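What follows is a short report on a single structure.
The values are calculated or read from the model by the stated rules, or taken from the named source; none is laboratory data. Quick caveat, the model's predicted, so the values are computed rather than measured. Neighbour counts are summed over all protein chains in view; Cβ atoms, including those assigned to glycine, are modelled from backbone coordinates with ideal geometry. Protein only, heavy atoms only, side chains kept; ligands, DNA and RNA dropped before computing areas. Shrake-Rupley method; radii C 1.70, N 1.55, O 1.52, S 1.80 Å.
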Amino acid sequence: MIRTMKRVQICNIPVDALTMQQTIDKVDKAIAEGKTLHHVVVNAAKLVNAQNDQELRSSIVNCDIINADGQAVVWASRLLKQPLPERVAGIDLMQNLVELAAVRGYKIFFLGAKEEIVRKVVAQYSKTYGNEIIGGYRNGYFSKEEEPVVARQIAESKADILFVAMSSPKKEIFLDQYKAMIQTPFIMGVGGSFDVVAGFVRRAPRWMQKAGLEWLYRVGQEPQRMWKRYLVTNTGFIYLIAKEKAKLVLGSKADTI
């Protein structure tokens, strides 16, 4: 397992202090050297859910690289005097790695989303970067009993990179459980990124991303499904960070006495 040099703790979850370019460089190096690298991104919602979901928490902390996907996580790190250098959004990292694959000759396996969506993602990337980067693909609709079959399919593809576009915590748990069987050098969960690439979901404007309002844009697109989720997790995240900040302040005061 590859570990990075510097990690900070946010809501009792380790997060790597890496820039986008540093992350890309580590991935490139691992693939070139034939090492395995398990990557995950965390946002406010995932950090909150990991507090009470031990399986999700274990699947996160067992990863080799843990990036801050949400801007709120970066802000929290600064508030807690453990500043992360920048946000490393999963969808942006995925796009950068697709471009890297085209340059390096790496093959990618795309797992997840509905059949029409994953097919469109593969077709779009093939058109832009060439068929050579496609190691295989499969939709994300399979039963628990089918998981070993899917893992073997990925392993047999001999892909260098695996992107898994499924919801949390399913994708984190699947990758944690089957990565030894899959043996793809770089594996990464990418959530709903396939939907964006395929054009089925619009991404928030850049200014909303920088302002940490991407969640609000999502609520605007799917209000009935998303509003309650974000209300609960955003409130929970604020509460957790407030508790950590209070401990930090009290600890500082105690040191001065």
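Compute the acute angle (0 to 90°) between the alpha-carbon long axis of helix 147-157 and the principal axis of greatest extent of the alpha-carbon atoms of the chain; round to the nearest 10°. That helix lies at roughly 60 degrees to the long axis. Using θ = phi - 60° in the Karplus curve 6.51 cos²θ - 1.76 cosθ + 1.60, the 3J(HN,Hα) couplings for the stretch 169-176 round to x, 4, 5, 5, 5, 4, 5, 5 Hz; x is entered for Gly and Pro. Taking all protein chains together and a 1.4 Å probe, the residues LYS81, LYS127, LYS107, LYS6 rank LYS127, LYS81, LYS6, LYS107 from largest to smallest accessible area.
For the stretch 131-145, putting each phi into the Karplus relation 6.51 cos²θ - 1.76 cosθ + 1.60 with θ = phi - 60° gives couplings of 5, 4, 7, 8, x, x, 7, 7, 6, x, 9, 8, 7, 4, 5 Hz, in residue order, rounded to whole numbers and with x for Gly and Pro.
The phi-based Karplus calculation (6.51 cos²θ - 1.76 cosθ + 1.60; θ = phi - 60°) puts the 3J(HN,Hα) values of the stretch 240-248 at 5, 5, 4, 5, 5, 5, 4, 4, 5 Hz, whole numbers, x for Gly and Pro. Build a GNM of the chain with springs between Cα atoms under 10 Å apart, and of VAL232, VAL150, VAL42 the one that fluctuates most is VAL232.
On a 19 Å Cα-Cα criterion, which of the cross-link pairs LYS114/LYS144; LYS46/LYS171; LYS46/LYS247; LYS81/LYS245; LYS158/LYS179; LYS81/LYS247 come out too long? Listed pairs above 19 Å: LYS46/LYS247.
Across the accessible surface of the stretch 131-257, with the other protein chains kept in place and a 1.4 Å probe, carbon and sulfur atoms take up 59 percent. Taking 22 Å as R0, compute the FRET efficiency from the Cβ-Cβ separation of LYS114 and GLU145 and round it to 0.05. So the FRET efficiency works out to roughly 0.60. Modelled label positions at GLN183 and GLU55, each set 7 Å beyond Cα in the direction of Cβ, lie 2.6 nm from each other.
For the chain, modelled as a GNM with alpha-carbon contacts under 10 angstrom, which of PRO14, PRO83, PRO223 fluctuates the most? Looking only at PRO14, PRO83, PRO223, the biggest GNM fluctuation is shown by PRO223. Please check: in the Gaussian network model of the chain (C-alpha springs, under 10 Å), which one of GLN183, GLN54, GLN209 has the largest mean-square fluctuation. Residue with maximal mean-square fluctuation among GLN183, GLN54, GLN209: GLN54. In the assembled protein chains, TRP215 presents an accessible area of approximately 90 Å² (probe radius 1.4 Å).
Site pair THR19 and ILE238 shows an inter-label distance of 3.3 nm when each label is modelled 7 Å from Cα along Cα→Cβ. If you sort LEU84, LEU213 by accessible surface, 1.4 Å probe, largest first, the order is LEU213, LEU84. Volume per residue of the convex hull around the Cα atoms, evaluated for the stretch 1-117, comes out as 120 Å³. Per-residue extension of 0.36 nm, minus the Cα-Cα distance of LEU79 and GLN153, leaves a gain of 22.2 nm for this segment. Across the protein chains, with a 1.4 Å probe defining accessible surface, the residues LEU216, LEU250 rank LEU250, LEU216 from largest area downward.
Excluding ligands, DNA and RNA, the accessible surface per residue across the stretch 1-158 is 46 Å² with a 1.4 Å probe.
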